[in-house]
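The block underneath contains the structure these notes are about, expressed in structure tokens.
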Amino acid sequence: MTGRRRSEEASRLTARPGEVVQMPQERGLQPLGLGDRRDGLLYVPTSHPLPGPRPLLVLLHGAGSEASHSIAPFTAAAEERGLLLLAPDSRGGTWDVIRGGYGPDVAFIDRALAHVFARYPVDPARVVLDGFSDGASYALSLGLGNGDLFTHLMAFAPGFMAPAAQVGAPRIFVAHGDGDRVLPIDRCSRVIVPQLQRAGYDVTYREFHGGHTVPREVLEEALEWLDEKAPAGPS
């Protein structure tokens, strides 16, 4: 029990949206400035006004990748929809829980979130954790344990999930290619999605013909899903 408690504590994020005293004037793509060799990126839309709270998408890259790869597919949507994008780099070659346990990546993501929350108005009803491949596994794992912060989780080609706890009830979008040879769908999403459904989560699942990738139309479907209102509960 003691070990589990430590694991739960290590996976918890403390940063929360709050009041912004003065918003920076910088727009577009910018470094976080919180790390040295491994840092991250922030994207603030250039053409969309930011008079009030905006949705925030936190984007997690795959193994051996970096923030620029996870943020690039979303910048056009950020301009069209007024989204704030935060893409942290993992501290190592992939995310900490995949390498053995929660720790340094949770701490860095928490710092990055606090950095954004202090500077930009974020809608607490639309804080999204997204990932691809190892990033998708981490989005599900970290997101399920921080469902009091993340309202939506998006997982593209996840391999597994290993939450230290289940907190809150985020809505979940999962997509996977039926020809994925890196993380085969039969032992990954076709196992993960029923587990999530049995646990009572609101899951939207999309299979597509293709490999270990995210087709543009699937990404657009996920973005449309973000705009949907959650179904009303029993009265």
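Tabulated results
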read-out: Gaussian network model of the chain, Cα within-10 Å springs - most flexible of ALA175, ALA87, ALA162; value: ALA162
read-out: Computed over segment 134-216, Kirkwood Rh from alpha-carbon pairs, angstrom; value: 12.5
read-out: Rounded to 5, percent antiparallel among DSSP beta bridges of segment 1-117; value: 75
read-out: Solvent-accessible heavy-atom area per residue, rounded to whole Å², over segment 64-213 at 1.4 Å; value: 35
read-out: Burial ranking of peptide ranges 36-45, 11-20 (average Cβ count within 10 Å, highest at the top); value: 36-45, 11-20
read-out: Three-way shape label, segment 39-176, alpha-carbon gyration tensor, a/c 1.5; value: prolate
read-out: Per DSSP, loop trypsin sites (Lys or Arg not before Pro) in segment 162-234 with at most 13 further Cβ within 10 Å; value: ARG181, LYS229
read-out: Carbon plus sulfur fraction of accessible area for segment 43-93, probe 1.4 Å, in percent; value: 57
read-out: Normalised contact order of segment 126-202, rounded percent, pairs of Cα under 8 Å and 6 or more residues apart; value: 28
read-out: Segments 122-130, 140-148 sorted - mean Cβ within 10 Å per residue, highest first; value: 140-148, 122-130
read-out: Segment 150-191 - percent of accessible surface contributed by carbon and sulfur, probe 1.4 Å; value: 53
read-out: Sequence-separation-based contact order of the chain, relative, with Cα cut under 8 Å and 6+ spacing, percent; value: 17
read-out: Hydrodynamic radius (Kirkwood) for the chain, which is based on Cα pairs only, to one decimal in Å; value: 17.8
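The values are calculated or read from the model by the stated rules, or taken from the named source; none is laboratory data. A quick note: this is a predicted structure, and the numbers were derived from the prediction, not measured. Backbone-built Cβ (ideal geometry, glycine too); neighbour counts: all protein chains shown. For accessibility, only protein heavy atoms count, side chains too; no ligands or nucleic acids. Shrake-Rupley method; radii C 1.70, N 1.55, O 1.52, S 1.80 Å.
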